[in-house]
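Worksheet for the structure shown next.
The values are calculated or read from the model by the stated rules, or taken from the named source; none is laboratory data. Keep in mind that what you see is a predicted model, and the values were worked out from it rather than measured. Cβ: placed from backbone, ideal geometry, glycine included. Neighbour counts: every protein chain shown. Side chains included, ligands, DNA and RNA excluded: accessible areas come from the protein's heavy atoms. Shrake-Rupley method; radii C 1.70, N 1.55, O 1.52, S 1.80 Å.
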Amino acid sequence: MDQERTQDQMAAKDAQHGAASTEPAQELPNRPSALQRMSKRQQYSLMLAAGLKPGPHVSLAHAIDKFKKEKLREIILYCVFLIIFIASSNLQRDVEHAHYYAQTVKAVVLLREFPTNPYAIRFENISSHKHFWDFMIEVVPPMLFQEKWYNGDAFQGVDAGQVLLANRLVQAPRLRQVRVGPKVCSVPPRLDAYMSTCYPKYRSGSKSSEEPIPGWPPGTMMEYRKPQQLNSHWLVDGLYPYEGGGFIVDFPLNSTQDDLREILGHFRDEKWTDIGTRAVFFDFALYNANLRFFLSVRLQWEFSPTGTVTPQHFFRVMRLGLFSPREYIALVLDVIVYAFILYYSMEDSGKMIRLRAAYFDDPWRFFHWIMYIFFLITFVFKVQFLLTSLSYVNTEADRDSEQAVLDFEYLGWVYSQIWNWTGFNTVCVWIRAFSFLKYINESTTQLAATILSSAGQIGRFFCVFLLVLWVYSVSFS
């Protein structure tokens, strides 16, 4: 290239001297075209970008023409896909009202003080068995089973079962306990006389499922029930993962506050929780007709081997079923989005078959498949949620008043996973849009090339950074 510039400069000087003299100017030699100046590597890359396998029978001019047409079509289609994806995501979720609804109920549940405790203890302050039972007996009954209006008038007919006057219990609240069985302790000989039985940390193999515990009515025993019988699922958000089975009691929707206090008081007197208890879950679900939101609430207490109690809570807002025109429009747009993803994945699959190993010479194509995998994971969660929610809202509520028929906590977790993975999808969609900037002008081309060339170094730095954080957490946590 330097020699070509030198030749061009000498030719230009000769042309100027020729114009100043009486001798006729000599003609400049023909400059090589842009195609002729391209290196073999550049030609190879261009053919690959056009989806053609390089070879002696492939015309470079044809590759350029095909590349321009395909890129123009691809950019237009991607702009349409981007608009539909954004519209679909915004229509499917009402973030503002969902957040406000969850925070409102959360404040009522978690900030209510124990009436008989002089130290203003709330849910987050629970740390012992006594605190747990004080909360269940003193706070839960008036919170869930309201019986009177604010002026003292008793609820009549459909008024019963309301929470905060605008939310209805949709199924019987459930109290569930998971336990571990005893095992022989390994203790120093000096302490043999004081302890011989231990209750380990919760593990699937250490759970207690054979020994019954006190039940209701008085004089009966409560048997262990498997996850399949309860239609419940594993919990992985606590100190330990807990299976969906356990010892359960459902509180019918026609219960009164006195009924609840009597049942819970009996359990407390019979030491329903003891050293073998590892976790207790209290689940209930509300429906707000004004906002058309379901709210799953799980209050969870983990009874550690050290004797302490750790409270946790999960409030998950979701919409079930399809009722409004907006929801049908969002569903249609979502189907179109996944039709685009299917089209793009099939197009990339065709290129992969034609180019084979050369297909992955373009780093962006690795990213394409990562995006397709993220969309596939989201699709699985969406199908699972939609089928379960439609089955629930379109069937008769024949047993809801007597027992919990749906694991709202798990369904809410699936709903949250949809939006967690949709967040990844949004990032991937916009990053892929960034790949088209290089076709706008030279500046954006240089910016894209710089970022792409530094991706490896950034990735290695990120790995080292995570390793440092992990070492720090292991050493000082």
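What a 1.4 Å probe finds exposed on segment 262-342 is 62% carbon and sulfur by accessible area, rounded to a whole percent.
Provide the per residue accessible area, probe 1.4 Å, for segment 324-406, rounded to a whole number of square angstrom. The partial results should precede the final answer.
On the way: 4810 Å² over 83 residues.
Result: 58 Å² of accessible area for each residue.
FRET efficiency for the pair Val335 and Ser206, taken as 1/(1 + (r/R0)^6) with r the Cβ-Cβ distance and R0 = 41 Å, rounds to 0.30. Which links in Lys226/Lys382; Lys148/Lys382; Lys130/Lys201; Lys148/Lys226 stretch past 31 Å when you go from one Cα to the other? Cα-Cα > 31 Å for Lys148/Lys382; Lys148/Lys226; rest within.
Rounded, prolate or oblate, given the Cα gyration tensor of segment 107-265, with a/c below 1.5 counting as rounded? The shape class here is prolate. Extension gain for His313 to Ala102 (0.36 nm times residue separation, less C-alpha to C-alpha distance): 74.8 nm. Projected label points at Thr450 and Asp237, each 7 Å from Cα along the beta carbon direction, are separated by 4.3 nanometres. Site pair Ser304 and Val187 shows an inter-label distance of 2.1 nm when each label is modelled 7 Å from Cα along Cα→Cβ.
From the square roots a ≥ b ≥ c of the eigenvalues of the alpha-carbon gyration tensor of segment 318-477, which class results: rounded (a/c under 1.5), prolate (a/b over b/c), or oblate?
Values: a/c = 2.71, a/b = 1.56, b/c = 1.74.
Here segment 318-477 falls in the oblate category.
If r is the Cβ-Cβ distance from Trp216 to Tyr119 and R0 is 22 Å, what FRET efficiency results, to the nearest 0.05? Could you put the intermediate results ahead of the total?
Working: r = 30 Å, r/R0 = 1.39.
Taking R0 as 22 Å, the efficiency between Trp216 and Tyr119 is 0.10.
The spacing between segment 180-213 and segment 88-112, judged by their C-alpha centroids, is 42 Å. Placing +1 on the Cβ of every Lys and Arg and -1 on the Cβ of every Asp and Glu, with no other charges, gives segment 68-153 a dipole of roughly 660 debye about its Cα centre. Reducing segment 340-416 and segment 118-166 to their Cα centroids gives an inter-centroid distance of 39 Å.
Among the chymotrypsin sites (Phe, Trp or Tyr not before Pro) within segment 317-370, those in coil by DSSP and having at most 11 neighbouring Cβ atoms inside 10 Å are Phe323. A simple packing score, the average count of other Cβ atoms within 10 Å per residue, orders the peptides 296-309, 183-196, 70-83 as 296-309, 70-83, 183-196, with the highest score first.
Between Glu327 and Cys463, 0.36 nm times their residue separation minus their Cα-Cα distance comes to what?
Working: separation 136, 0.36 × 136 = 48.96 nm, distance 4.13 nm.
The Glu327-Cys463 span can extend by a further 44.8 nm.
The simple spin-label model puts a point 7 Å past each Cα toward its Cβ; for Asn254 and Trp364 those points are separated by 6.6 nm. Overall shape: prolate for segment 376-428, with the ratio a/c of the largest to smallest alpha carbon gyration tensor axis at 1.5 or above and a/b above b/c. First measure r as the distance between the Cβ atoms of Arg354 and Leu387, then evaluate 1/(1 + (r/R0)^6) with R0 = 35 Å and state the FRET efficiency to the nearest 0.05. So, using R0 = 35 Å, E works out to roughly 0.40.
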